[in-house]
């Protein structure tokens with residue numbers, strides 16, 4: 001421009017004024033929108049999967065329940081027996097069990113509500129404490145982002161997941177022609193549970209100084225409130241909830257009674273807890289340093305004990321919490337299977353094709369149900385074994401294996417220790433789960449026989465470990481994903497093979513399908529011997545390869 | 001421990017990762033009781049060499065012996081006599097630093113409890129904290145304490161001081177000197193020239209998986225040019241006529257140039273006639289030595305490309 005430079009400068013100054021003013025705004029929530037968009041971009045797939053998987057359970061479960069209880073007479077018969085202590089403790093106090101909506105609540109409400117609570121805890125930790133721990137938050141906070149913007153955005157995104165999931169659940173309930181009031185309460189009560197845990201998880205993220213600690217605190221709270229609610233529901237008077245259930249937010253949400261009384265007012269309590277939790281968390285955030293927690297980091301021993309310093313001892317020590325978790329899980333599920341076996345078998349219609357696929361034909365319904373429960377126990381033990389041996393690969397990946405092998409530790413004794421924990425642990429878990437299923441079946445099955453029936457799946461579990469070792473030897477980087485893929489396919493074939501119209505011969509050629517389903521089927525050694533031989537061959541090949549290959553840290 | 005068997009003896013070592021050659025004919029020799037520096041730019045193959053010596057990677061060709069044994073076949077037996085400190089120490093996040101030290105030093109052979117507590121004190125490390133809360137420097141200290149508290153004959157140190165503060169570097173230096181006094185052999189891979197110059201008897205410089213320079217530090221110095229900066233009373237440009245003076249740079253009355261060690265006496269005699277008011281002579285540092293090899297690498301592709309263009 002040929003006009004005076006003073007004029008040009010003046011225009012420039014005017015133009016920059018608004019942005020200067022924006023930079024001057026120093027609210028603690030400055031940049032909330034940017035932060036929320038950033039979190040959405042990092043998590044959209046995770047969020048979408050949680051919402052879709054949880055919501056899609058509604059039509060799937062509704063369909064299967066409609067098939068299981070096709071007439072009002074079936075549902076009335078179910079309503080007579082639905083309210084057992086086991087059901088009340090596991091899935092919440094049954095009510096309105098004579099309606100399809102009520103049955104849907106019994107079958108899936110608790111699973112969805114608790115799963116959403118887990119999703120929220122993990123998400124808030126992932127975008128909160130975990131980012132802070134790795135130093136990413138520090139980088140973000142050094143920009144023009146308000147002190148609370150990132151945390152508030154994190155809480156908002158998680159709350160958004162709850163609302164969207166709830167909405168999808170309500171709409172899907174409406175789409176299968178369930179009563180509209182109940183459908184909306186169903187979605188709102190599940191979303192409300194999630195929202196309450198947004199508030200609780202937000203506080204956990206401020207208290208603990210590590211992401212692991214924040215997750216553990218959050219999961220412990222879910223467990224605590226789940227068990228308070230379970231205790232309360234065991235004290236219930238018929239279908240009327242006990243006053244104790246008001247001690248747990250999961251109880252508040254359950255007391256909204258979708259498809260029953262359709263109470264809206266407990267939602268207010270859930271929302272209040274959510275808001276109070278988030279506000280308290282933000283308050284705590286402004287009183288502490290970045291990176292610090294409110295709870296002190298626990299100290300530990302200054303030297304390792306004799307046992308921890310051995311190869312096997314270290315393996316056990318590193319997997320201690322995971323081992324405890326898996327065995328508690330196997331105990332709970334074993335007890336649960338036993339306690340519902342009798343009532344489940346008397347409810348199943350032998351002519352229902354869905355039921356036939358699961359329990360098989362010919363023998364008594366009870367034996368069929370116990371047979372499928374043994375398969376469930378075995379699948380659980382299989383997953384445990386794979387995760388347990390997978391720890392070997394994570395040791396290699398993290399570079400910690402290098403430091404150990406640089407000492408006087410041979411590759412075979414290191415891998416042997418990991419393998420021993422997986423092999424013996426899974427065998428023990430099979431025996432335990434089978435025995436407990438029998439023990440809690442109120443005399444309808446012999447615990448010893450079921451422990452044996454369950455242990456018969458050991459060779460199938462060992463084959464999974466054989467595949468894992470083979471992959472670990474030859475393609476270590478893909479060993480985890482490959483093994484889980486083989487496990488997933490074997491599980492699908494054994495559980496749903498009939499539904500996918502796989503022939504019996506094909507199902508029998510898969511690891512878990514090959515094992516005879518005692519007590520429904522005759523026991524036979526042949527499939528066990530074949531599986532055992534295969535797993536030995538795979539394991540030997542994998543271990544031999546490992547002792548000759550490079551150690552690959554990432 | 002004055003044996004005639006060298007601590008490390010590597011010749012013509014080859015290692016490929018897929019189609020990339022990490023080592024292509026590397027030579028390395030560490031005599032028993034020596035402290036040997038191991039230098040090279042990032043990706044030159046230092047860590048790969050050390051991993052082969054530890055039997056973690058299998059060499060594709062060449063010859064490697066450590067303490068007279070085969071690093072691959074005799075790995076476990078050898079590791080009782082060797083201690084290793086990696087540059088990037090990964091610890092079990094839910095164990096304490098002290099537990100990790102116990103586990104690692106037990107794997108290195110005999111544990112010396114007294115030495116361990118001395119080292120913890122010298123390195124100022126709190127062993128009862130969970131490894132998760134350790135900084136990089138503190139994780140490095142865990143590996144150092146574990147390695148140094150063992151009675152290993154040979155220490156393999158792969159950039160062991162990364163993340164340590166200057167004070168702790170000093171502690172490390174004195175620990176290595178003590179180890180050398182006890183007759184232990186040390187292979188020290190490092191980027192810190194001052195550290196290598198302070199500690200090492202011999203130096204091996206590698207590039208692109210090959211050895212480009214090796215020998216006693218004093219011998220290597222002799223091959224290098226001395227840098228001289230002098231303030232003269234005469235016209236400094238006259239110095240360009242003196243035989244042996246190269247890379248002359250003049251700024252006012254100050255001239256700086258490099259001299260081949262063989263021609264130093266003649267150059268100094270010539271300088272005297274220019275009535276120097278002030279003279280500074282810098283011996284060639286390891287850094288110069290290293291940077292010469294380092295920058296060669298950067299220059300070569302440029303000229304090659306220029307040649308193609310013409």
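Values in this text are rule-based calculations from the coordinates and carry no lab data. What you are looking at is a predicted structure, and each value in this text was computed from that prediction instead of being measured. FYI the Cβ positions are ideal-geometry reconstructions off the backbone, even for glycines, and counts take in every protein chain you see.
Tabulated results
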read-out: Helix-only [θ]222 nm of chain B, DSSP H runs n ≥ 4, -39500 (n - 2.57) each, per residue, nearest 500; value: -10500 deg cm²/dmol
read-out: The protein assembly as shown - Kirkwood radius from inverse mean 1/r over Cα pairs (Å); value: 32.6
read-out: FRET efficiency, 1/(1 + (r/R0)^6) with R0 60 Å, evaluated for residue B:69 and residue A:235 via beta carbons; value: 0.25
read-out: Approximate spin-label separation residue A:283-residue B:264, in nm, with each point projected 7 Å along Cα-to-Cβ; value: 7.5
read-out: Residue-span extension gain [residue B:178 to residue B:288] - 0.36 nm each, minus C-alpha spacing; value: 36.8 nm
read-out: Estimated [θ] at 222 nm from DSSP helical runs (n ≥ 4, -39500 (n - 2.57)) normalised by residues in chain A, nearest 500; value: -24000 deg cm²/dmol
read-out: Residue order, fewest to most surrounding Cβ atoms within 10 angstrom, among A:400, A:46, A:517; value: A:46, A:400, A:517
read-out: Value of relative contact order over chain A, rounded to a whole percent, pairs C-alpha under 8 Å and six or more apart; value: 12
read-out: Amide N of segment A:521-543 lying under 13 Å from the label point, which is placed 7 angstrom from the Cα of residue A:505 along Cα→Cβ; value: none
read-out: Extension gain from residue A:534 to residue A:141, taking 0.36 nm per residue of separation minus the Cα-Cα distance; value: 135.9 nm
read-out: Helix axis angle, A:180-207 relative to chain A longest principal axis, alpha carbon, degrees; value: 70
read-out: Shielding by other protein chains, B:125-136, mean Cβ within 10 Å; value: 3
read-out: Span from the segment B:102-162 Cα centroid across to the segment A:172-233 one, whole angstrom; value: 45
read-out: Cα shape, segment B:1-114, gyration tensor, a/c 1.5 rule; value: oblate
read-out: Additional length obtainable on full extension of the chain from residue A:64 to residue A:37, 0.36 nm per residue less Cα span; value: 5.8 nm
read-out: Length-normalised contact order for chain B - Cα pairs under 8 Å, 6+ apart - percent; value: 19
read-out: C-alpha long axis of helix B:97-107 to longest principal axis of chain B, angle in °; value: 90
read-out: Fraction in percent of alpha-carbon pairs per bin - 10 Å, segment A:311-546; value: 8, 31, 33, 18, 7, 1, 0
read-out: Förster-model FRET efficiency, 45 Å R0, residue A:272 and residue A:397, C-beta, rounded to 0.05; value: 0.50
read-out: Cβ neighbours within 10 Å from other chains - mean over A:290-299; value: 2
read-out: FRET E, pair residue B:219, residue B:21, Förster distance 30 Å, beta-carbon r, rounded to 0.05; value: 0.55
read-out: Computed over segment A:352-503: relative contact order in percent, which uses C-alpha pairs under 8 Å that are six or more apart; value: 27
read-out: Tilt relative to chain A, helix A:5-24 - C-alpha long axis, 0 to 90 degrees, to 10; value: 40
